[in-house]
Amino acid sequence: MKRVWIDTDMGFDDLAAVLTVAQTPGWRIDGLSLVAGNAPLEVVIDNALRAAAYFGWDFPIHAGCARPLAGELVTAQNILGADAMGSAGRSLPPARAALADVDAVGALGCYLAAAGEPAALLALGPLTNIATLLRQRPELAARIAPLMWMGGSAGPGNHTAAAEFNAAVDPEAINAVLDAGVPLQMVGLDACRQVRVHAADADALRALGTDKAEVLADLLLGYVRIASSDGSLPMALYDPSAAAALVAPEGMRFRPAHVVAECQGEHTRGMTVVEWRVPRRATANALVASVADEALLRRVVLDALAQAARAA
Ligand code: RIB
Ligand code: CA
């Protein structure tokens, strides 16, 4: 059984990413740590606990950092809606699972220290929790292998022209993680934009006819409508592409590169500067996703959502 800890700012694409891992045979989620990003932490917690109750998740869920390492929290609620789960109809039912007593940074530290071998982390939001842990316990960087992160971009941003959202929220955290020597696998916007989801994919989910199929179809259609209000255009699959790259590594090609996050630029704060010309121009400090197998990654994600929809 392959095991992974997931760190997330629980919007819909995060939910789809967690379900992708949860529904892939041979994989086990050992814990979920929550971080402010898509929405304030209390909204992220509510989304995660409602998802856990609805999908019957049995792994512990821990609340983490409510603000980035520096500056104030910037959320994506202007795009995703107040609950960061914009829907074309139904939402997650209100019933909530219980939050674990231990905070995320403490729980992740214990998990990594106790792991018999270096553990896989899947990060789907700003890297605040992981950076905070590594500032306290830098020796734990050697207990992470790999850190698969949906974030950054080797090309244009989405939150700003230069910065991808997760990177924009906490660029200092990216540099802290890189400086700690964590084996980062960065799945940026340029790779995610090669994997698209369509309104027709929501229709196919809905046709399964279960209550969960209806909720997931409405949430997926709400996500697709981020790209175009009438759902006529496809939408990039962000977090699920990173999850699929973890469980189906043949679906995503990575190349070594040097990555650093811009923290000072008036117009470029949060930009991940990717230098591909390694080792001539710089020393590689990360693997950056470059080419995605759209058909394979789509199938991994959409099959997982269908499985989740069919689950009793
Ligand atoms: O830029 C996309 C990322 O920002 C995704 O992780 C999405 O959930 C938001 O957090
Ligand atoms: Ca996310």
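Kirkwood Rh and Cα-based Rg: tell me the resulting Rg over Rh for the chain, rounded to two decimals.
My calculation of the ratio gives 0.94.
Could you provide, to the nearest whole Å², the per residue accessible area of the chain with probe 1.4 Å?
Per-residue accessible area for the chain comes out at 39 Å².
R0 = 25 Å: FRET efficiency of SER228 with ALA204, Cβ-based, nearest 0.05?
0.85
Run the paramagnetic zone check for ALA98: 7 angstrom along Cα to Cβ, then residues of the range 30-67 with backbone nitrogen under 11 Å.
Hits in the range 30-67 for ALA98 at 11 Å: none.
Leaving out ligands, DNA and RNA, what percent of the accessible area of the range 110-211 is carbon and sulfur, probe 1.4 Å?
Values: 1890 of 3460 Å².
Carbon and sulfur together cover 55 percent of it.
Using only DSSP helix segments of four residues or longer, with each worth -39500 (n - 2.57), what per-residue ellipticity at 222 nm results for the chain after dividing by its residue count and rounding to 500?
The helix-only estimate for the chain comes to -11000 deg cm²/dmol at 222 nm.
Points 7 angstrom from Cα along the Cβ direction at ARG277 and ALA161: gap in nanometres?
2.4 nm
Express as a percent, rounded to the nearest 5, the fraction of DSSP beta bridges in the chain (both residues included) that run antiparallel. Before the final figure, lay out the partial values.
Numbers: 12 of 37 bridges.
Counting only bridges with both partners in the chain, antiparallel ones make up about 30 percent.
Please report, as a whole percent, how much of the solvent-accessible surface of the range 28-107 comes from carbon and sulfur atoms (probe radius 1.4 Å).
Exposed carbon and sulfur together represent 53 percent of the surface.
Using the Cα atoms of the range 55-175 to build a convex hull, what is its mean projected area in square nanometres?
So the mean shadow area of the Cα hull is 9.4 nm².
Between GLY71, GLY125, GLY151, which gets the highest mean-square fluctuation from a Gaussian network model of the chain, Cα cutoff 10 Å?
Of GLY71, GLY125, GLY151, the most mobile in the Gaussian network model is GLY71.
Sequence gap at least 6, Cα distance under 8 Å: using those rules, report the relative contact order of the chain to the nearest whole percent.
Value for the chain: 20 percent.
Between ARG135 and ALA88, with labels modelled 7 Å along Cα→Cβ, what's the label distance in nm to one decimal, could you check?
Spacing of the two 7 Å Cα→Cβ label points: 4.2 nm.
Against the longest alpha carbon principal axis of the chain, how many degrees, from 0 to 90 and to the nearest 10, is the axis of helix 104-114 turned?
With rounding to tens, the tilt is 70 degrees.
If you average the alpha carbon positions of the range 245-312 and of the range 79-154, how far apart do those two centres end up, in angstrom?
17 Å
Per q in 0.13 Å⁻¹, report the Debye log10 I(q)/I(0) for the range 200-312, using one uniform scatterer on each alpha carbon and no solvent.
Here log10 of I(q) over I(0) equals -0.68.
What ranking, highest mean first, results for peptides 220-229, 262-271 when packing means the other Cβ atoms within 10 Å averaged over each residue?
Descending packing order for the listed peptides: 220-229, 262-271.
Can you tell me the mean projection area, over all orientations, of the convex hull of the range 1-99's alpha carbons? Units nm², please.
6.5 nm²
The values are calculated or read from the model by the stated rules, or taken from the named source; none is laboratory data. Everything numeric here is computed off the predicted structure, so don't read it as measured data. Every residue, glycine as well, gets a Cβ built from its backbone with ideal geometry; the counts of neighbours run over all protein chains shown. What goes into the accessible areas is simple: the full protein's heavy atoms, side chains included, and nothing from ligands, DNA or RNA. Shrake-Rupley method; radii C 1.70, N 1.55, O 1.52, S 1.80 Å.
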